[in-house]
Amino acid sequence: MKILHVISQAPDYTGSGKYIQEIIRQSSQNGHDNFLVAGAQADFVMDHALIPKAHTRFVRFDGEDIACAVPGMSDAMPYKSTIFSRMPQPLLEQYKNVFDSRIKAALDRFKPDIVHTHHLWIVTAVTRQAAPHLPVVTSCHGTCLRQHTLCGTIGAELSPTLRKIDQVMALSSHQETEIQQAHGIDPSRIHTVGIGYNNDLFSMMPKPLFSKIEIVYAGKLSRAKGVPWLLRALEQVQDQDVILHVAGDGAGMEKEECLALGKALGDRVIFHGALPHDKLARLMQQAHLFVLPSFYEGMPLVIMEALACGCRVISTALPGIKELLSGKETHLIDLVELPELETIDTPYDRDLPVLEERLSTAIKKMLESIRTHPEVEPGIITRLTRGYSWDSVYKRIETVYETALSAY
C-alpha cells in the first residue's frame, strides 16, 4: 500500500509529531510505501533513516515558504510558533495555498492509494479538497478540537469539508463524542484506535537505590500543561530528598515563568530541555514518579511510556486520561480532580491555589508509598500497558485503512 502522510507542523517534538513518526515506522515494517508532507521550521532536518529524503516534502516557515513561524496546534508549543487565532486572513490564505501546492505535488509524484492526515483542522480540509478521488483518513489528537473552540469562525468554515473525511481515528471513546459534537461527522466513521508506546525503548529497568526520589514531568513548558502549578506544588512539599526532572521546552513568557519558578527551587529541579526518545526513556527508567498536571489532553502517550518504565503516575483526571487509567491499581496511580475551568484549558483565578494544594497532597502521599513499597511488580506494569504497544495500535489503524479503501 502507498500511503501519503500529512501533518501541518513539525513531525517531531510534540505528541502528534512523535505519533506520526511511529506510524511511518510501523507502516514501513508492515511493508507499506510512505511519503510525507509536513510543515517545519526553515532549519528542520528529518531523520532519513525513518523515511527517505526523496519521499518528503516540507512547507518551510520562518521566511522560506511562509514568513511566519510554524502555526502550532497548541497555542503554546515547545518551539517558536504562530497562534492560529491571531493569523490575519491574507496569511491564512497563503498558508492554505502553499500546503495545497505541496500536497498536489506529492499526489502527482507519489500516486498514493490512501492519504493519512493528522488533526481535524485546516491542512486536513485542504488535503480533502486536493484529493477528492482518494480515501482520506484522519487522526485526531485533541488539540484540533481545542482550536475549533478557540477559532470559532475558522472551525465553522472547515466543518463541511471535514465531514467528507472517509474515516476518522480518535484517541478515546470520549474523544469520539467530541468529534461528533464539533463537526457533525457520522459516528459510524469514527474509530477509537488509542495510543501506543515504543516498547523497545520504554521498558522497566531496576530502579537505582535512592537517596533521593526522582520525579519526571515531560511535555511543553506551558500553563495549559499545568507546569507552574506543579512547580508551586513541589514548593509545598517540604521533603528535600526529592528531585523533579523537567523534560521539554516552550517559548515566550510561559516558558520564562516555568524557568523562574524552577530556579526558585534550586537544585530540587533540573530542566533538561527537549529530549529525544532514547534519553527520555533512560530518564523515566531511573525515576520513581511521573506527574502530568495538564488542563487539556487527548490521551497522552507519555503516561504509557512512564508506566512502561515502572513509574508511578499522578495525573489530572481529564476524560481521556480517566478512560486510560480509571480502575487501575490505585497504589501506582492517582488521578487529581481539576478545579472548575473558565475556558477550555484555563482555571478561574480564584481557584489557582486549588490545583497546587491537590497536587502537593497527591505528591506527598505517593512519596510515602514509594518509601514504604519501593519496588513495582513487573506483572502489574505488563497488565497496565497491555494493548498499548505500537504494533497493537497499528493493527487497528490498518483496519481503518482497509475500511476506507473498500469504499473506492
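Every read-out reported here was derived from the displayed coordinates using simple, explicitly stated rules and does not represent laboratory data. Note that the structure is predicted; figures quoted are calculated from it, not measured. Here Cβ is always computed from backbone atoms with ideal geometry, including for glycine, and neighbour counts include all displayed protein chains.
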Hey, which of these cross-link pairs are over 22 Å Cα-Cα: K80/K225; K2/K53; K164/K220? K164/K220
Counting only helical runs of four or more DSSP H residues, what would the 222 nm mean residue ellipticity of the chain come to if each run contributes -39,500 (n - 2.57) and the total is spread over all its residues? -13000 deg cm²/dmol
What's the percent breakdown of Cα-Cα distances in the chain across 10 Å bins, shortest bin first? 5, 23, 33, 25, 12, 3, 0
When the charge dipole of the chain is computed with +1 on Lys and Arg Cβ and -1 on Asp and Glu Cβ about the Cα centre, the Cα farthest towards its positive end, among N30, S159, C258, belongs to N30
May I ask you to evaluate 6.51 cos²θ - 1.76 cosθ + 1.60, the Karplus curve with θ = phi - 60°, for each residue of region 110-119 and list the ³J(HN,Hα) values in order in whole Hz, giving x for glycine and proline? 8, 6, x, 7, 8, 10, 10, 9, 10, 5
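Give the order of D334, D113 when sorted by the count of other beta carbons within 10 angstrom, beginning with the fewest. Working shown, then result.
Values: D334 22, D113 17.
Result, fewest neighbours first: D113, D334.
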Based on the Cα coordinates of region 245-318, what is the per residue volume of their convex hull in Å³? 105
Likely footprinting exposure, M304, M204, fewest C-beta neighbours within 10 Å first: M204, M304
Determine the percent antiparallel among the DSSP beta bridges restricted to region 213-385, to the nearest 5. 10
So what's region 168-301 giving for Rg/Rh, alpha carbon basis, Kirkwood Rh from the mean inverse pair distance? 1.05
Compactness of region 213-385 as Cα Rg over 2.2 N^0.38 Å, two decimals: 0.96
Given Cβ charges of +1 for Lys and Arg and -1 for Asp and Glu, the option among T343, L292, A218 whose Cα lies farthest towards the positive end of the dipole of region 213-385 is A218
Least to most buried among I270, I114, by other C-beta atoms within 10 Å and fewest first, runs I270, I114
Report, for the chain, the % of DSSP beta bridges that are antiparallel, rounded to 5. 5
On alpha-carbon atoms, Rg over Rh for region 93-177 using Kirkwood Rh? 0.97
